[in-house]
Amino acid sequence: MKDAVFLVVLVVFLMSCASSSSSPLPSSKMMTDAPVTCPNDCNSNWNQGTCNATSGVCTCNPLYYGTDCSLNNNTQLDWDRMDCHGGHYYPAYWMAGVSRSCVCPLAQTGIECSICYDYSACEVWHGKGSKCMQTYLMDSKPYAALQQSYSCNVVETQENIFPPQSALTMSCDPSTSACSLTFYIHPTGSPLLFDCTLGNCTVTTDNAGNQIISCLETKCSCSSWCNSIIFEVINIVNGTSSFKCGQGVGNNSKIAACVWSQDVLDEIFSPIQLTCLASHCTLPAVNTTTTPTTTTVNNNNNNNNHYNNLE
């Protein structure tokens with residue numbers, strides 16, 4: 001009888017052991033590997049929020065909202081926001097006395113992060129196999145190159161009408177016949193002073209290798225930062241614009257010496273002297289050259305630039 005009782009107790013004990021070994025571990029023991037992450041780490045690098053490592057939910061600072069704390073609570077303070085082409089516009093809120101600018105991702109540079117300096121930027125924009133061409137020359141095959149971008153610092157405006165250390169950006173698209181041009185007050189970008197749309201454009205090169213983008217139609221508009229003199233002039237701009245670039249500044253072949261001139265402005269001011277970074281992406285699986293030839297150019301009002309480091 002005692003043996004039978006012992007066997008029953010033993011069976012019950014073994015069954016309880018098997019049951020406990022197959023049951024899930026307490027949650028505190030299960031959380032041993034990958035930590036919980038939050039979307040874009042709540043933009044914590046920009047002091048916009050903090051991540052709850054237990055729940056994976058962002059706690060946003062009072063000025064921001066959204067699942068990753070990327071949105072401003074007051075969009076009226078975004079009046080001077082630039083398109084950073086995947087970069088971060090910082091600070092996200094306008095503050096008196098603080099210049100706002102784009103902080104670019106890897107392989108991108110320029111005022112609006114639209115200049116590539118590695119193929120990986122082009123692959124993000126246009127797909128695997130797209131290549132980055134660091135050149136001020138439009139591609140000789142219109143079908144081969146995507147939007148050409150220029151990011152420029154103003155070197156000289158002799159009449160001192162425009163702000164010192166200002167910046168100019170320009171973008172052209174080989175698939176249409178227009179370009180866009182933007183003039184910023186600061187060398188890092190915003191606020192905007194004025195912008196222009198340029199139509200009926202062609203591209204030629206001279207014997208010295210200078211490229212000239214000539215556009216028969218020019219229309220510009222001022223921002224609220226224009227003083228009365230600039231406002232009166234910019235709003236009557238029409239006629240031909242010319243954007244001429246030549247090879248290299250100093251020992252850096254990636255910085256082009258450029259000049260922007262415009263019929264109406266040339267009657268009042270000297271042409272604006274610039275130093276520019278420039279690039280375009282090629283379509284995947286297309287073997288391109290940068291041999292200068294005459295071609296038509298075009299725009300879709302997108303890219304612009306500025307210096308970071310293309311050395």
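Does Val297 satisfy the criteria of being within 20 Å of Thr197 (Cα to Cα), open to solvent by less than 40 Å² (accessible area, probe 1.4 Å), at pLDDT below 65 and among the aliphatic types (A, V, I, L, M)?
Against the criterion (within 20 Å of Thr197 (Cα to Cα), open to solvent by less than 40 Å² (accessible area, probe 1.4 Å), at pLDDT below 65 and among the aliphatic types (A, V, I, L, M)), Val297 qualifies.
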| query | Could we say that Val98 is at pLDDT 90 or above, open to solvent by 60 Å² or more (accessible area, probe 1.4 Å) and of a type in the set (A, V, I, L, M, F, W, C) here? | reply | no
| query | Name the pairs: first residue in region 82-97 and part of a loop (DSSP other than H, G, I, E, B), second residue of a type in the set (Lys, Arg) and buried (at least 20 other Cβ atoms within 10 Å of the Cβ), Cβ to Cβ under 8 Å, at least 6 apart or on different chains? | reply | Met82/Arg100; Pro91/Arg100; Trp94/Arg100
| said: Could you go through region 26-39 and let me know if any residue there is of a type outside the set (Val, Ile, Thr), at pLDDT 70 or above and more than 25 Å from the chain's Cα centre (by Cα). | reply: yes
| message | Condition check: part of a loop (DSSP other than H, G, I, E, B), closer than 17 Å to Met170 by Cβ and either at pLDDT 85 or above or out of contact with any His (no Cβ under 8 Å at 6 or more places or on another chain) (or both). Does Lys254 satisfy that? | response | yes
| field | Pairs with Cβ under 6 Å, 6+ apart, first in region 99-114 and free of Cβ contacts under 8 Å to residues at least 24 places away in the same chain, second surrounded by fewer than 24 Cβ atoms within 10 Å (Cβ to Cβ) and in a strand (DSSP E or B) | value | Val103/His88; Val103/Tyr90
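Open to solvent by less than 20 Å² (accessible area, probe 1.4 Å), at pLDDT 85 or above and outside any loop (DSSP other than H, G, I, E, B): does that describe Cys122?
Spelling it out, Cys122 is indeed open to solvent by less than 20 Å² (accessible area, probe 1.4 Å), at pLDDT 85 or above and outside any loop (DSSP other than H, G, I, E, B).
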| message | Restricting to region 163-179, and then to whatever is open to solvent by 10 Å² or more (accessible area, probe 1.4 Å) and either under 23 Å from Gly97 (Cβ atoms) or not in a loop (DSSP other than H, G, I, E, B) (or both), can you tell me which residue is modelled with the highest pLDDT? | response | Ala178
| query | Out of (1) open to solvent by less than 70 Å² (accessible area, probe 1.4 Å); (2) of a type outside the set (D, E, K, R); (3) part of a loop (DSSP other than H, G, I, E, B), what's the single condition that is false for Pro35? | reply | (1)
| query | So, in region 206-223, of the ones that are open to solvent by less than 40 Å² (accessible area, probe 1.4 Å) and either among the hydrophobic types (A, V, I, L, M, F, W, C) or part of a strand (DSSP E or B) (or both), which residue ends up farthest from Thr135 (Cα to Cα)? | reply | Cys222
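The values are calculated or read from the model by the stated rules, or taken from the named source; none is laboratory data. Everything numeric in this text was worked out from a predicted model, so none of it was measured. Here Cβ is always computed from backbone atoms with ideal geometry, including for glycine, and neighbour counts include all displayed protein chains. The protein model used for the area step is the full one, side chains on, heavy atoms only, and it has no ligands, DNA or RNA in it. Shrake-Rupley method; radii C 1.70, N 1.55, O 1.52, S 1.80 Å.
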